[in-house]
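Asker: What follows is a structure written as structure tokens; I'll ask about it next.
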Amino acid sequence: VIELKTNSILEKHKICVSDVLAKSPSVAESILCIIEKDLKDIRDLLRAVQLMKMAHEQILELVSGYGEVWSANIMAALMRQEGLPFIFLNARDVLLVSEHESIGTKVHWEESEAKLNQFIADSQSQFFNSEFGAQFLPTDPNDPIHLPHLMITGYIATTLTGIATTLKRDGSDFSASIFGKLLKANAITIWTDVSGVYSADPRRVPDAQIIPEVSYTEAIELAYFGAKVIHPKTMSPAIDAKIPIFIRNTFEPEHEGTRIYLAPPKGQQGRERAVCGFTTVDDISLLNLEGTGMIGVPGIAHRLFGALKTANISVMFIAQASSEHSICFATKSSNALKARDSIREAFFYELKQGMVSDISVIERCSIIAAVGESMSNMPGVSGLFFTALGGASINVLSISQGCDERNISAVVYSADATRALRAVHSAFWLSSMDISIGLIGTGRVGSAVIQTLLEQCDILNKRFGLNMQIRGIANSRTMMLSDDLAVTMKDQLSQSPESPRSTGSNKLKLVRRNNSYAALSDMQALMTDPASGYKEPTDLNKFFEFVKTSSTTPHTIIIDASTSYDVAELHPSWLLHGAHVVTANKRALSNSLSLYNMVYSAMRSSNRMYMSEVTIGASLPIRTTLNDILCSGDAVHSIVGIMSVSSGMVLTDMCDHGLSFTQSLMKTYKQGLFEDDAFLDLEGLEAAHKLLILARELGVAMRIEDIDVEPLASRRPIASWHDLKDEFAAEDASMRERVLLAASRNCTLRYVQRITCNPAAELGNQRSVAAKASVRLEEVPLDSHQALVKGAVYHFAFHTERYAQNPLIVQGPLSDAANTASGIVGDILRIARSLGAKDKGPEALYHP
């Protein structure tokens, strides 16, 4: 076997040397002779090992270094063959080291430098006396002599006693740093398989960036916490000699890589960002020692860590309560039980007397660390770091920060580590903010939301750094779950804007914008298309768990675009389980007071956001305006509005265009302005629910039955809304009379919603406010604000102390699905900005 293996190695080297040194056959032959001699020595060593049935470490050190020697010798010969002045240097001839248990490899600098200088002097003299080297001598004696380059073996060295050894892990990089210092180099370049130091592990944070430069201390912190950067021992010689290190990519040599340098003194850093990168250490356990018997007792920490030292256990993280009641630390999970047992033994007496509680162990943890030289100069870094973790519903188990303020570390559960890493990475504007989106309701509003998100996702990512992943879509029958449905839906729905698919129901006026992936009818059809094999029966618990429990997406937003009370009842639970909620569904806020209170109680206790702006005026900022009025110290006397665009259109057609009630109903229905159940509008219930939400926003504990509602028409069987017969004959006659009577009084008819407060409602006095609310068909003067509202238009007039003479009016057009969807996307943006997303501003403008 030994002969077979060594002969195979020899054959590979013969092929290599013959190929690369084809122009220098004599040099190739001499190198092969050296390799053959070395292989003979290796065979003898291996036979001795075979006979003794043991391999001493020194034998392994010797044999493992031959490859470095051969490859460096071949490379130096190749450079000379190409006309470049190179000398081969076997590091074992000059580099002297020794091994120490506590500090590892120690370089004997003075001895090594003396040997290196002697080698350079001898080899240069020999080089220039050779026929090849003579050509590099200057023709003019006054010109400088260009010294030959050194091709040095990495990884290997020699002990003070002359025994061959290696530099162990990352030895080749260590060699480069050592010889950089010995040769007083201007820079050290490490060629590897990555283009530099990443701001986070790119396998866990796809948007991780190459950091152009980091300080030595930052690089050491990143390396200690597991970042694949450069081993701390590699940097030690460079730090001593103040030599910058460049990390470059062998496979991408044009990339500038990362510069590792000596940072300026504290307070003089000029970098804009406080944090340069984030890293994690996985597979750790957190141990906690606590007890009242520890308070004020000297030597507790000494005994604790002395016990760990005796057990040969390395500690990666330490935190102690200022009350001295507890000390916790982190170590590798493989050492956790051993550490616990050693501590129990050290504190046997205290445990027996109850002075120290039992040592607790939390397994399956990870350390996430923020590293940055400039953190000490920028206040608020810790706040942003922990706010990002809290915003992503990450439970922090322990915290540690050094007094040098270069590192902030937190222990989290391993299951949350990737989400935590992405959350803090995006919070410091190093990558996009990942948000998991779940949508319930695939009617007109829900379909328009998906349409808008598909159209705007790239723009929102570029402007706000948002990476919104649509992970779930559901209606009352079926649901679709996937890591990113946007990709799937784009593939299924993409089509040319010039050739849209079916226009769908004539009840819905389709809006087809440029760059749209789908018309609204396409979105609705997708949920009922049997060819979509990735659908399954709706299970809202499974739906929420899938959307919320992404291991990589730190933030979750659930959009309720349904009209279901059953779905609304789940809002408090979603909030309590860490999701933000955006709702177009009025039922949670306009049904029972108990559900209303549960929603806001869950919002406060979970620190999640509950956005419901679109429940009243679609994209109009009605609730925001009312809240601003109250929070600014104003008092509201009344709110008068036209909150039903369908009734507004019906009455405009009757009063201004002379249509009958039946004709106006059919026209409005065909325009898609009614709710799916048109009688919700005609009976005034939809407007009453909006009025109820406003009343509760004013602090009035009102119920739906407290509102005086006058219906435009009562519920009855309807064969077809597109072709009404005499179903509303009685209303045709009565409405005609009311229209004529109003006109005779220089008035017109409007369906008006009204809240009146006595005394005026303001923050702090809600409990004493008596409010009346009504939804009624009223005669309004032709010069009034309400009379001027024509067609499908929302109108809200706020009569307050400050707006006593002229009300503050918020008015806007048709509440179609696209308007409501834009309001929902606006709420999503408000949530994202509260989580740390930043507006990067518009692109630069250039005059044509």
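The values are calculated or read from the model by the stated rules, or taken from the named source; none is laboratory data. Keep in mind that this is a model prediction, so the values were computed, not measured. These accessible areas exclude ligands, DNA and RNA; they are computed on the full protein's heavy atoms, side chains included. Shrake-Rupley method; radii C 1.70, N 1.55, O 1.52, S 1.80 Å.
Asker: Under the rule of -39500 (n - 2.57) per DSSP H run of 4 or more residues, summed and divided by the residues of the chain, what mean residue ellipticity at 222 nm is obtained, to the nearest 500 deg cm²/dmol?
Answerer: -12500 deg cm²/dmol
Asker: Carbon-plus-sulfur fraction of the accessible area of the chain, 1.4 Å probe, in percent? Intermediate results must be reported in sequence, preceding the final value.
Answerer: Numbers: 21320 of 39830 Å².
Its accessible area is 54 percent carbon and sulfur atoms.
Asker: Here's a follow-up. Here is the link list: K53/K181; K115/K168; K14/K106; K53/K233; K37/K115; K332/K542. Which ones come out longer than 32 Å on Cα distance?
Answerer: Cα-Cα > 32 Å for K53/K181; K14/K106; K53/K233; K332/K542; rest within.
Asker: What percent does the relative contact order of region 636-734 come to when contacts are Cα pairs within less than 8 Å and at least six residues apart?
Answerer: 30
Asker: Can you list the lysines whose alpha carbon sits under 30 Å from that of K535, skipping same-chain ones fewer than 8 residues off?
Answerer: K535 reaches K490, K507, K509, K548, K586.
Asker: Any idea what the alpha-carbon Rg over 2.2 N^0.38 Å comes to for the chain?
Answerer: 1.34
Asker: Report the semi-axes of the equivalent ellipsoid for region 523-679 in whole Å, largest first, where each axis is √(5λ) for an eigenvalue λ of the Cα gyration tensor.
Answerer: Here the semi-axes work out to 33, 26, 12 Å.
Asker: Take every Cα pair under 8 Å in region 26-120 that's 6+ residues apart, average their separations, divide by the length, and report that relative contact order as a whole percent. List each step's numbers first, then the result.
Answerer: Details: 45 pairs, mean separation 16.0, N = 95.
For region 26-120, the relative contact order is 17 percent.
Asker: Next question, about the same structure. Heavy atoms only, probe 1.4 angstrom, no DNA, RNA or ligands counted: give me D816, D539, D93, D19 ranked by accessible area, highest first.
Answerer: Sorted descending by solvent-accessible area, the residues read D19, D93, D539, D816.
Asker: Provide, for q = 0.15 Å⁻¹, the log10 of I(q)/I(0) from a solvent-free Debye sum over equal Cα point scatterers in region 646-742.
Answerer: Debye intensities relative to I(0), on a log10 scale: -0.64.
Asker: Leaving out ligands and nucleic acids, and using a 1.4 Å probe, what accessible area per residue does region 584-670 come to in Å²?
Answerer: In whole numbers, region 584-670 has 32 Å² accessible per residue.
Asker: Mean projection of the alpha-carbon convex hull of region 87-143 over all orientations, in nm²?
Answerer: Directional mean of the projected Cα hull area for region 87-143 stands at 5.3 nm².
Asker: Let me ask something else. Tell me, what is a quarter of the convex hull surface for the C-alpha atoms of region 738-837, in nm² with one decimal? Write out the running numbers ahead of the final one.
Answerer: Working: hull surface 38.7 nm².
For region 738-837, averaging the hull's shadow over all directions gives 9.7 nm².
Asker: Additional query: Would you mind getting the Kirkwood hydrodynamic radius of region 39-143 from its Cα pairs, rounded to one decimal in Å?
Answerer: Details: mean 1/r = 0.0584 Å⁻¹.
By the Kirkwood definition, the hydrodynamic radius is 17.1 Å.
Asker: Please list, or write none, the aspartates and glutamates whose alpha carbon is within less than 20 Å of the alpha carbon of K670, excluding same-chain residues fewer than 8 places away.
Answerer: D522, D653, D656, D681, E683, E686, D723, D726, E727, E731, D732, D816
Asker: For the chain, what's the relative contact order in percent, using C-alpha pairs closer than 8 Å and at least 6 residues apart?
Answerer: 8
Asker: Can you pull the accessible area of Y261 for me, 1.4 Å probe, Å² to the nearest 10?
Answerer: Accessible area, nearest 10 Å²: 30 Å².
Asker: Obtain the radius of gyration and the Kirkwood radius of region 348-453 from its C-alpha atoms and give Rg over Rh. Could the numbers behind the result be given before it?
Answerer: Numbers: Rg = 20.1 Å, Rh = 16.9 Å.
That ratio equals 1.19.
Asker: Okay, next question. Just the accessible area per residue of region 373-424, please: how many Å² with a 1.4 Å probe?
Answerer: Each residue of region 373-424 exposes 36 Å² on average to a 1.4 Å probe.
Asker: Angle check, please: helix 381-391 long axis (alpha carbons) against the longest principal axis of the chain (alpha carbons), in degrees 0 to 90, nearest 10.
Answerer: So the helix axis and the longest Cα principal axis differ by about 60 degrees.
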